Amino acid sequence: MEQLELTDQLSSVENQLQYALGQLCHLRKTSIFDATFTISDDGPLGMINNFRLGCLPAVRVGWTEINAAWGQTALLLFSLSKMAGLQFQRYQLVPLGDHSYLKSLTADEVLPLFSDGNHSVFLNNTFDCAMKAFLDCLQQFVEETEKDERYPCLPYRIHPLEGVMEDIGDSGDCCPIRTHLNTEEEWSRALKFMLADLKLIVAWASSRYC
């Protein structure tokens, strides 16, 4: 009787051990990036963690949601840069939820990566400058990490000086990321292009660092 009980106990322990090993294996295969950041689209709009980034005349998106999407995007790039050991030049990226911002390292300037829709219509409005600065940081990350032979071929080229995302496919379209002197359609396409690149970068980082 005691022998049977001992056998049952050993069997139970072995089952628990196998379960624990299975869970450990699963956790090892689970990327922190995949688990934390989900990039998808809602038709013509890019999305990150269910927040839409952009808006269209026929698809109105509130600034609260857009700011939240920018906050998630900033946190993603910040996390990727830390994982890669990259320190950005020219800007410090500060992920702070829906009030994220970039701080210039060469001037006493803070660029808010959020808006209430009433940002300046002039060429030097800080929201547009912040989005352009974000592209600068993203391009720095790409240049640092594309040396890896497993790095994906990104479908959209980043032009940080011009603040433009270029479709390197058949269309060759270039979409400005600014709001001034731009349409909502073009602005939203630029944002969607940027998120599409980030989605591939997340997949690469998941296999490279996790």
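Rule-based calculations on the coordinates, nothing more; no lab input. A quick note: this is a predicted structure, and the numbers were derived from the prediction, not measured. All Cβ positions, glycine included, derive from the backbone under ideal geometry; neighbour counts span all protein chains shown.
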Between residue 171 and residue 143, the FRET efficiency computed from the C-beta separation at R0 = 25 Å comes out, to the nearest 0.05, as 0.55
Semi-axes of region 36-209 from the Cα gyration tensor (sqrt of 5 times each eigenvalue, largest first, whole Å) come to 23, 19, 16
Expressed in nanometres to one decimal, the distance between label points 7 Å along Cα→Cβ at residue 59 and residue 18 is 4.7
For 32-43, 179-190, ranked highest to lowest by mean beta-carbon neighbours within 10 Å, the order is 179-190, 32-43
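If Rh is defined by the Kirkwood formula over all Cα pairs and Rg also comes from Cα, what ratio Rg/Rh do you get for region 55-141? Before the final figure, lay out the partial values.
On the way: Rg = 13.2 Å, Rh = 13.4 Å.
My calculation of the ratio gives 0.99.
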Subtracting the Cα-Cα distance of residue 84 and residue 125 from 0.36 nm times their residue separation yields 11.6 nm
